[in-house]
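First the structure, in the form of structure tokens, and then the observations on it.
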Amino acid sequence: MKKNVGTIDRTIRGLAGIALVVAYFLGAIQGTLGIVGLVFGIVLIATAAIAWCPPYNLIGLNTRGKQDSNPPA
């Protein structure tokens, strides 16, 4: 699994994901929209954490630039 999410992309995803999760738990979004927002927020946080996005992989998009996709351990 090659990383395909760059630093700026990860930051935006992480902040947006946190905002959606917080909005759900504060009651700003409720009902079906709230649940969808919560799930989407969790997905955004997860993809930011692992720096890999499945849809990006499917369409061949890479926001990491020319960085080494898998640095040595």
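The values are calculated or read from the model by the stated rules, or taken from the named source; none is laboratory data. No experiment lies behind these values; they were computed from the predicted model shown. Note: ideal-geometry Cβ built from the backbone for every residue, glycine included; neighbour counts use all protein chains shown.
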Would you mind listing the helices (runs of 4 or more DSSP H) fully within the chain where at least 3 residues are of a type in the set (A, V, I, L, M)? 7-25, 31-50
Report every pair of residues separated by at least 6 positions or lying on different chains whose Cβ atoms are under 7 Å apart, first residue within region 5-26 and of a type in the set (D, E, K, R), second surrounded by fewer than 18 Cβ atoms within 10 Å (Cβ to Cβ) and modelled with pLDDT under 95. Asp9/Thr63
If you go through region 1-39, how many residues are in contact with a Leu (Cβ under 6 Å, 6 or more places away or on another chain) and surrounded by fewer than 17 Cβ atoms within 10 Å (Cβ to Cβ)? 1
